[in-house]
Amino acid sequence: MHVLVVEDDAVLADGLSRVLGGHGMAVEVVGNGTQADHLLQRAVTAEVVVLDIGLPGMDGFEVVRRLRARGSAVPVLLLTARDAIEDRVRGLEQGADDYLVKPFATAELVARVKALARRNTPKPAGLSLGDLSLDLAAKRARVGDKVIELSVREWAVLEYLLQHAARVVSKQQIIDAILPWGDDLTLNAVEVYISRLRLKIADAGVAIRTIRGFGYVLELAA
């Protein structure tokens, strides 16, 4: 995921870059609104823009207003030290998608950036592997022609595994992916959901295999 961070505080910008980079994101940093506006005019490769409101020269409000005026739908997360409701409302009315008031927890920043990226990613109508299929619109899971009942969290875990079929995913990646449902989800709870899913999809010709020390992989059964 490519994230553009627009922040004039060099220490904070470096910290944001390190935190987001530590979660596998490619981060580009600029220090003022004019720079950000020029960059976003040339080529919007960013999947999320993390934008400080209190920038020198062109402020964050104007950056996001111009971005939306050009027809761009790239998600924008505003950062602000101002806690006035009027500022939050103004930012959202200009076209921002979300905001965080400084100081904030880095875990919340990462979760919000990921949520914005997911929201902006087109989703397929369904997912399938072997005889297992998910109808994403109807929220219905089937093994062959048989509908299987899943809880909300079981569905979220299985959808994530299908999206990453044949790839190893860690327990923490699963927890991060199913936020906000997984706010209080523990690593042990993930094991419980995996165990339940194995029973429910046992006849689908697929298997959730444990890769010790790394996580799980959903693949066709041998």
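The values are calculated or read from the model by the stated rules, or taken from the named source; none is laboratory data. Just so we're clear, the structure is a prediction, and the values are computed from it rather than from any experiment. A quick note on method: Cβ atoms are made from the backbone with ideal geometry, for glycine too, and the neighbour counts reach across all protein chains shown. For the accessible areas, the whole protein counts, side chains as well, though only heavy atoms, and no ligand, DNA or RNA atoms are used. Shrake-Rupley method; radii C 1.70, N 1.55, O 1.52, S 1.80 Å.
In table form, for the structure just shown:
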read-out	value
The range 70-126, accessible area per residue, ligands and nucleic acids excluded (1.4 Å, Å²)	56 Å²
Degrees separating the helix 33-42 axis from the principal Cα axis of the chain, which is the longest one	60 degrees
Convex hull of Cα atoms in the range 76-127, direction-averaged projection (nm²)	4.5 nm²
Sulfur and carbon atoms: percent of accessible area, the chain [1.4 Å]	51 percent
Three-way shape call for the range 130-221 based on the alpha-carbon gyration tensor, with the a/c threshold at 1.5	oblate
Residues in the range 89-121 reached by a label modelled at residue 19 [backbone nitrogen below 17 Å; 7 Å Cα→Cβ]	98-117
The range 1-57 - percent relative contact order, Cα under 8 Å, separation 6 or more	51 percent
Unit charges on C-beta of K, R, D, E only; dipole of the range 89-129, Debye	100 debye
Cross-link reach list, lysines versus residue 114, counting only Cα pairs under 25 Å and skipping chain neighbours closer than eight places	102, 123, 139, 171
Amide proton proximity set for residue 76, modelled H, under 5 Å, gap of 5+	49, 97, 98
Sites matching chymotrypsin sites (Phe, Trp or Tyr not before Pro) across the range 61-123 that sit in DSSP coil, with at most 15 neighbouring C-beta atoms within 10 Å	104
R0 of 41 Å, Cβ-Cβ distance residue 210-residue 92: FRET efficiency to nearest 0.05	0.40
Bridge type composition, the range 1-142 - antiparallel percent by DSSP, nearest 5	30 percent
Placed amide H near residue 148: partners under 5 Å, 5+ positions off or other chain	141, 142, 143
Point-to-point label distance, residue 187-residue 108, nm (Cα→Cβ direction, 7 Å offset)	2.6 nm
Sparsely packed trypsin sites (Lys or Arg not before Pro) within the range 119-222, loop by DSSP, other Cβ within 10 Å at most 14	139, 167, 212
Relative contact order [Cα under 8 Å, 6+ residues apart], the range 67-150, whole percent	19 percent
Nearest-0.05 FRET efficiency for residue 139 and residue 170, computed from C-beta distance (R0 22 Å)	0.30
Percent RCO, i.e. relative contact order, over the chain, from Cα pairs under 8 Å lying at least 6 residues apart	13 percent
Tilt relative to the chain, helix 60-69 - C-alpha long axis, 0 to 90 degrees, to 10	70 degrees
Nearest 10 degrees, 0 to 90: helix 106-119 Cα axis against the chain principal axis	70 degrees
